[in-house]
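Student: Okay, here's the structure, questions in a sec.
The values are calculated or read from the model by the stated rules, or taken from the named source; none is laboratory data. Given the structure is predicted, the values throughout are model-derived calculations rather than measurements. Don't worry about glycine lacking a Cβ; one is built from the backbone with ideal geometry, like all the others, and counts go over all protein chains shown.
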Amino acid sequence: MHIYWFKDSITGHLKQVDALLNQLKQELVFSLTSIDCSKTKTPLKDSESIFSKLEETDQSIILIGAGHKVYSRILQSKKYLKNNHGRHATSIAILRPTYEVNSFDLICAPKHDFQKRRLPKNVITFQGSLAAPSHTPVNENQAIIAIGGLSKHYKFDKEILMRQLHYILSMYPNYEFKIFNSRRTPDAINLKIKEELNQYSNANFIDLNSPGSDVFQDSLNQSALKFVTPDSSNLVFEALSAHGKTYLIQIEDPKYRRIFGAKKIRKSMNELVNLKRVGVVRIINEKGRTNFSKIENPSEHFEPLAEVKKISFSIMKFINPQE
């Protein structure tokens with residue numbers, strides 16, 4: 001089997017496909033070729049180069065990728081292989097394409113992408129996002145705070161966020177915190193964190209562009225407490241795929257009501273809260289009282305999510321229906 005991974009430059013897309021392919025490696029033997037779709041401007045010539053040695057093997061072919069920039073390339077490559085080499089290729093889209101849904105052999109997408117849509121026969125769904133499950137034992141004295149930033153899903157209130165960070169650190173003085181920002185975190189927030197949180201002996205701010213940022217994944221897997229801003233939905237599901245407790249940090253004023261814009265991520269996060277899969281650092285707004293923060297804990301009976309295993313199994317059944 002030969003898998004061709006069509007890539008864009010979006011980290012969330014790359015991490016989900018990478019997690020899936022790593023899971024498939026545990027069950028299948030395959031060769032892997034990566035195609036960078038963010039640079040090539042001549043798809044046909046690129047296809048000729050990519051598939052130039054195809055006649056040397058009769059391996060089955062899978063074309064896979066995530067992101068709007070790669071979906072058309074996958075379908076173009078599928079057509080090219082059929083017309084120029086007489087070869088069938090299985091086309092797999094990770095996440096929901098906005099066009100030519102029926103042209104893919106298989107689509108693996110989050111449930112929230114089809115909340116108000118009929119589920120096509122070529123679609124299998126998963127909860128949230130695909131993340132490699134972690135079985136690393138947690139360090140009971142270690143905690144992490146992961147900060148997102150401006151997005152179309154939430155109103156990112158800088159003052160509320162800073163107040164929430166102070167509250168979290170003061171409530172858990174016996175934990176060693178690592179605080180990570182992201183590429184979407186405003187510079188003003190990064191500066192405020194450096195200025196205001198250095199008073200806490202148990203907090204260490206690690207900037208995305210600093211040499212120490214490569215410890216993020218290990219910190220996420222090992223931390224007993226994981227606090228994440230809800231705009232970082234992929235990261236929330238990564239945290240839920242590891243042991244420990246995950247909390248959403250409320251970053252909007254309680255009076256704020258979103259009327260316009262994307263709502264599917266908000267609904268997905270609200271569902272996690274209602275099911276108590278995640279806890280919340282919530283802002284309470286009561287008449288006659290100043291807004292105050294309160295921590296609500298998640299349920300402890302949930303095991304880490306393993307959605308990537310479910311999707312991997314479904315793909316194998318699709319490729320080899322007789323097994």
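Student: For residue 87, are the conditions met, namely being surrounded by 15 or more Cβ atoms within 10 Å (Cβ to Cβ) and in contact with a strand residue (DSSP E or B) (Cβ under 6 Å, 6 or more places away or on another chain)?
Tutor: No; evaluated as a whole, the condition is false for this residue.
Student: Of everything in the range 86-114, what is of a type in the set (S, T, N, Q) and either under 23 Å from residue 246 (Cα atoms) or in contact with a Lys or Arg (Cβ under 6 Å, 6 or more places away or on another chain) (or both)? Give them in sequence order.
Tutor: Of everything in the range 86-114, just one residue is of a type in the set (S, T, N, Q) and either under 23 Å from residue 246 (Cα atoms) or in contact with a Lys or Arg (Cβ under 6 Å, 6 or more places away or on another chain) (or both), namely 91.
Student: Would you pick out the residues in the range 290-307 that are surrounded by 14 or more Cβ atoms within 10 Å (Cβ to Cβ) and touching a strand residue (DSSP E or B) at 6+ places or on another chain (Cβ under 8 Å)?
Tutor: Hits for the range 290-307 are 293, 295, 298, 307.
Student: Write out, first by first residue and then by second, each pair whose Cβ atoms fall under 6 Å of each other, whose residues are 6+ apart or on separate chains, and whose first residue, in the range 125-138, is surrounded by 18 or more Cβ atoms within 10 Å (Cβ to Cβ) while the second is in a loop (DSSP other than H, G, I, E, B) and polar (S, T, N, Q).
Tutor: Close Cβ pairs (under 6 Å, with a partner that is in a loop (DSSP other than H, G, I, E, B) and polar (S, T, N, Q)) amount to 131/241; 133/241.
Student: Another question, if that's okay. For the range 121-240, please list each of the strands (runs of 3 or more DSSP E) lying entirely inside it that holds at least 2 residues being under 17 Å from the mean Cα position of the chain (by Cα).
Tutor: Filter on the range 121-240 gives 123-126, 139-146, 223-228.
Student: Name the residue, out of 261, 244, 212, that is at pLDDT below 95 and at positive phi.
Tutor: Being at pLDDT below 95 and at positive phi holds for just one of 261, 244, 212, which is 261.
Student: Another question, then. Need the failing condition index for residue 58 against (1) at pLDDT 80 or above; (2) in a loop (DSSP other than H, G, I, E, B); (3) not β-branched (Val, Ile, Thr), just the number.
Tutor: Here residue 58 clears every test but (1).
Student: Going by the structure shown, is residue 74 crowded, with 18+ Cβ neighbours inside 10 Å and in contact with a His (Cβ under 6 Å, 6 or more places away or on another chain)?
Tutor: So residue 74 fails the test.
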